[in-house]
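To keep things clear, I will list the structure first and then write my remarks on it.
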Amino acid sequence: DYIPKPCNPRELSARLQAILRRVAWDQKAKVEESRHYGDLRIELDYRRIYQNDTPLELTATEYEILQVLLAHAGSVVRKTDLMQWALGRRLEAFDRTLDMHISNLRKKLGNDDPPRIETVRGLGYSYRVSV
């Protein structure tokens, strides 16, 4: 909004109240979006992931990788696609970055048998739907 100087204090007050009403209405209208995957809950608006209502301490990269895997739960995500979608770059030869992040994610999610994040040899990774 713009008010030229000098301004009428009543006009300034009315405009400020209108802005505050709009902001308050936007905050009420915003609905927190969360999704559940077994014992995991992801809050997309706040970039948080909970396991059994306990927040997981994930790096930004681990969060992105897990979000992509959860969005494609039950299907295989190719390593090249996962690298591009989560890390924003191409998969290079002998690049083990993605493998290390997956390893760290598996440790933070706990040792399940069979594992939540399955390696599909020669192709990519898959998040197991039923936990």
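In table form, for the structure just shown:
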{"read-out": "Hits in the range 103-115 - residues which are in contact with a helix residue (DSSP H, G or I) (Cβ under 7 Å, 6 or more places away or on another chain) and either at pLDDT 90 or above or farther than 15 Å from Leu66 by Cβ (or both)", "value": "Asn104, Leu105"}
{"read-out": "Top-ranked residue in the range 70-97 [being of a type in the set (A, V, I, L, M, F, W, C) and in contact with a strand residue (DSSP E or B) (Cβ under 7 Å, 6 or more places away or on another chain); ranked as farthest from Val129 (Cα to Cα)]", "value": "Leu82"}
{"read-out": "Leu16 vs. criteria within 22 Å of Gly122 (Cβ to Cβ), at pLDDT below 90 and of a type in the set (A, V, I, L, M)", "value": "no"}
{"read-out": "Output for the range 95-115, where each listed residue is within 18 Å of the chain's Cα centre (by Cα), free of Cβ contacts under 8 Å to residues at least 24 places away in the same chain and farther than 20 Å from Pro55 by Cα", "value": "none"}
{"read-out": "Unmet criterion (only one of (1) polar (S, T, N, Q); (2) outside the structural domain of Thr119 (by TED's automatic domain parsing); (3) touching a residue at least 12 places away in the same chain (Cβ under 8 Å)) for Thr54", "value": "(3)"}
{"read-out": "Subset tally (residues that are in a loop (DSSP other than H, G, I, E, B), surrounded by 11 or more Cβ atoms within 10 Å (Cβ to Cβ) and of a type in the set (Asp, Glu)) for the range 83-123", "value": "2"}
{"read-out": "Enumeration of residues in the range 71-82 that are part of a helix (DSSP H, G or I) and surrounded by fewer than 18 Cβ atoms within 10 Å (Cβ to Cβ)", "value": "Ala71, Thr80, Asp81"}
{"read-out": "Residue match in the range 1-9 (condition: loosely packed, with under 12 Cβ neighbours inside 10 Å, in contact with a helix residue (DSSP H, G or I) (Cβ under 7 Å, 6 or more places away or on another chain) and among the acidic types (Asp, Glu))", "value": "yes"}
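The values are calculated or read from the model by the stated rules, or taken from the named source; none is laboratory data. The model shown is predicted, which means the values in this text are computed figures rather than measured ones. Counting neighbours? That spans all protein chains shown, and the Cβs are built from the backbone with ideal geometry, glycine included.
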